[in-house]
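Asks: Take a look at the following structure, please.
The values are calculated or read from the model by the stated rules, or taken from the named source; none is laboratory data. This structure is a prediction, so every number in the text was calculated from the model and none was measured. Here Cβ is always computed from backbone atoms with ideal geometry, including for glycine, and neighbour counts include all displayed protein chains. Side chains included, ligands, DNA and RNA excluded: accessible areas come from the protein's heavy atoms. Shrake-Rupley method; radii C 1.70, N 1.55, O 1.52, S 1.80 Å.
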Amino acid sequence: MVSLLDNIVRPSVVILQLSVVLGVIFVLLKVVKFYQERKKILKALEAFPGPPAHWLYGHNRLITGDKMLSLVVSLGEEYPYAFPRWFGPVLPTLVIHHPEYAKTILGRGDPKPPVPYQFLVPWIGKGLLVLGGTKWFQHRKLLTPAFHYDVLKSYVSLMSESAKVMLDKWEKKKSVELFEDVSLMALDSIMKCAFSYSTNCQTQSNSDTYIKAVFDLGYLINKRIQNFSYQDAFYDLTRSSREFQDACRRAHAHTDKVIQERKMLLSNNEELDKILKKRHLDFLDILLCTKDENGVGLSDEDLRAEVDTFMFEGHDTTASGISWLLYSMALHPEHQARCREEIQGIVGNRDTIEWEDLGKMTYSTMCIKESLRLFPPVPAVSRRLSKPVTFSDGRSLPEGSQVSLNIFGIHRNRDVWEDPEVFDPLRFSPENSAHRHSHAFLPFSAGPRNCIGQQFAMNEMKVALALTLLRFELIPNASKPPTLTQQLILKSSSGIHLHLKKIR
C-alpha cells in the first residue's frame, strides 16, 4: 500500500518541482529581457539632456499641477526638440515639442499604446484610441463611412438644434461658466448625430450625471498618469481607485442604455429594414449592423468599447475646443466683431446655419484654427515604439521606448511660431500657411492614427460659433480668469467664465 502511494506521490512531486523551476526560469528570462531593453533605452536617452530627476520620484514633483503646461513649454525652450520625463524611477518617456520630431513619430502609426493608455481600458475598453495592429485597422476601416461627406452634411441641422437649446438657456443669464453648458450641448449633439438618440440632457436637472462621470474619470486618470511610479502597484487599494470604478459605472450606465435601446429597436424587422435602407448609416448603426467578410459582427465587448470611446471623444474634446474658442473671442473683441460681420453677411436674416454656410466662413475658420493652436483640446498624445526610430538630427530610440508628443508645446514653439502667445488668426491665411511645417499644427494629431472625427468637430465648432455670435457679444469675466490645466482634455481648473450681452 505504501509503495503504491509512493509511486503516485513521487511523480506528482517531480512535476510540481519541475513546474516551479520552469516558472522561476520564465520569470528570470523576463527580468533579463526587461533589464536589456531598459539598458538600451537608458543608453539612448543619454543623447537627450533634460531637467534633473529625483532618484525615486523622477519628475513627478516637478512637472505637475496647473503649472505643468507652462513648465513644459519653458523646458522645451531650454532643451530643443525633446527631453526625457521620468515617471518614478523606472518609466521614462521622451517629451517631443518640435514638429520635425513629431513628423518622424506620427508618420509611423505605431500600433502599441503606451503604458498610461492602459489606464483608460476599464472605462472605454479597447476601442480605436487604445487598439493597435490589425484590429485597430479593421475598426478604423469599419467606422470611416460614419464620417462620409454626405453623413456630416445631414448633421448640421442637428448641431444647430443643440446649440440653440444652449443659447436659449443663456437668454436668461448675464454671465455663464462655459464648460458645463457647452459639454451638455456637445453631448446632446453627439447623441443626435452619431447615435440617433434624442435626449433632453441640456434641460433635465439630473442629466449631467454622464458629464460629471467623464469629468471625474479625466481627472482621476490624469492624476494617476502624472503620479505614476512604483506606488502604482498598490493603486487598486486606494481611494482614487474606488472613485474611478464608481465613475466608470456611471459612464457605462449611460452608454449601455443607448446600446440596449437601439438593439431593441433593431430586433423589430420592420425597423431594421428602414435603417438598412438609409443611404448612410450613423455611427451606432454601423457598429450594430456591419459584418466582416465572414459574416461576423463586432462582439459585445468591441461594440461597447467603440461606443464608450466615441461618446467620450466625440463630446469632451469638442466641448473643450468650443469653450476655449468662445473664450478667445471674448478676449479679442476686434476678431469677434469681424467674425460676427462675416457670419451676418453669410446668413442674412436667417437665424439658422446650413451646410453651405460652413465653407464660406473664411475668417471664422482662421479664428477657430488659431484658438485650436493656443488651446488644443488634446494637449498631448503618446506612443510606444514598435521598432527603432532615428530622428533627423541622428539621435535615435530603440523599440519599446515611450514618447509623448506635447501638442501644446509644439503649438507654442518659438522656432516655428512668431510671437506664439499672441492670438493672430492671419497665421492661417493661405499665404502664411503655405510654407509652414506640415506638423507644426496638430489639433487632431496626424498620420494614420489621426482623429477620425476631426471634420465633425470642425463643423460643430463653426455652427456653435456662428449661432452664438449672432445672439450675444462675449465679454471676459476679469474677476474669474481661467486656469489652464491638462487632464486628458485641456480644461480650466477654475472654469471658463464669460459675461453675455444680447445682440438680438
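Asks: Computed over the Cα atoms of the chain, what is the convex hull's projected area averaged over all directions, in nm²?
Replies: Across all orientations, the chain yields a mean hull projection of 30.7 nm².
Asks: Here is a further query. Of Pro482, Pro84, Gln336, which is farthest towards the positive pole of the chain's charge dipole, taken about the Cα centre with +1 and -1 on the beta-carbons of Lys, Arg and Asp, Glu respectively?
Replies: Pro84
Asks: Now a separate question. Once you order the gyration tensor axes a ≥ b ≥ c over the Cα atoms, which shape class does region 43-106 get: rounded for a/c under 1.5, otherwise prolate or oblate by comparing a/b with b/c?
Replies: Judged from the Cα gyration tensor, region 43-106 comes out oblate (a/c at least 1.5, b/c at or above a/b).
Asks: What fraction of the DSSP beta bridges in region 47-502 is antiparallel, stated in percent and rounded to the nearest 5?
Replies: Percent antiparallel among DSSP bridges in region 47-502 is about 85.
Asks: Rounded to whole Hz and in sequence order, give me ³J(HN,Hα) for region 48-57 from the Karplus expression 6.51 cos²θ - 1.76 cosθ + 1.60, θ = phi - 60°, writing x for Gly and Pro.
Replies: Values per residue, Gly and Pro as x: 10, x, x, x, x, 10, 5, 4, 10, 8 Hz.
Asks: Moving on to the next point. When only Cα pairs under 8 Å and 6 or more residues apart are kept, what is the percent relative contact order across the chain?
Replies: 24
Asks: Then there is this: Could you order Ser392, Ser74 by accessible surface area, starting with the largest, using a probe radius of 1.4 Å?
Replies: Ser392, Ser74
Asks: Could you check how much of the accessible area of region 47-502 is carbon and sulfur, as a whole percent, using a 1.4 Å probe?
Replies: Carbon with sulfur: 53 percent of the solvent-accessible area.
Asks: For a protection proxy built on the mean count of beta-carbon atoms within 10 angstrom, sort 341-351, 453-463, 360-370, 63-73 highest first, please.
Replies: So the peptides 341-351, 453-463, 360-370, 63-73, ranked by packing, come out 453-463, 360-370, 63-73, 341-351.
Asks: A further question on this structure: Can you grab the distance from the C-alpha centre of region 319-393 to the C-alpha centre of region 414-449, Å, no decimals?
Replies: 12
Asks: Tell me the per residue accessible area of the chain using a 1.4 Å probe; a whole number in Å² is fine.
Replies: Accessible area per residue: 48 Å².
Asks: Which shape class, rounded, prolate or oblate, goes with region 410-496 when its Cα gyration tensor gives a ≥ b ≥ c as root eigenvalues, a/c under 1.5 marks rounded, and past that a/b bigger than b/c marks prolate?
Replies: rounded
Asks: Right, here's the next one. Mind ordering 376-388, 295-307 by average Cβ neighbours within 10 Å, highest first?
Replies: So the peptides 376-388, 295-307, ranked by packing, come out 376-388, 295-307.
Asks: Let me ask another. Per DSSP H run of n ≥ 4, the term is -39500 (n - 2.57); total these for the chain, divide by its residue number, and report the mean residue ellipticity at 222 nm rounded to 500 deg cm²/dmol.
Replies: -17500 deg cm²/dmol
Asks: Where does region 149-246 land on Rg/Rh, using Cα atoms and the Kirkwood Rh?
Replies: Value, to two decimals: 1.12.
Asks: What ranking of Asp393, Asp236, Asp150 comes out by heavy-atom accessible area, probe 1.4 Å, highest first?
Replies: Asp236, Asp393, Asp150
Asks: Mean Kyte-Doolittle of at least 1.0 plus a Cα span of 30 Å or more along the axis: flag which DSSP H helices in the chain meet both, please.
Replies: Flagged H segments are 2-45.
Asks: Something else now. Any idea what the dipole of region 47-502 comes to, in debye rounded to 20, about its Cα centre with Lys/Arg Cβ at +1 and Asp/Glu Cβ at -1?
Replies: My answer is approximately 420 debye.
Asks: Checking the table Lys174/Lys360; Lys67/Lys462; Lys192/Lys212; Lys141/Lys491; Lys212/Lys501; Lys174/Lys480 against a 26 Å threshold on Cα-Cα, which pairs fail?
Replies: Lys174/Lys360; Lys67/Lys462; Lys141/Lys491; Lys212/Lys501
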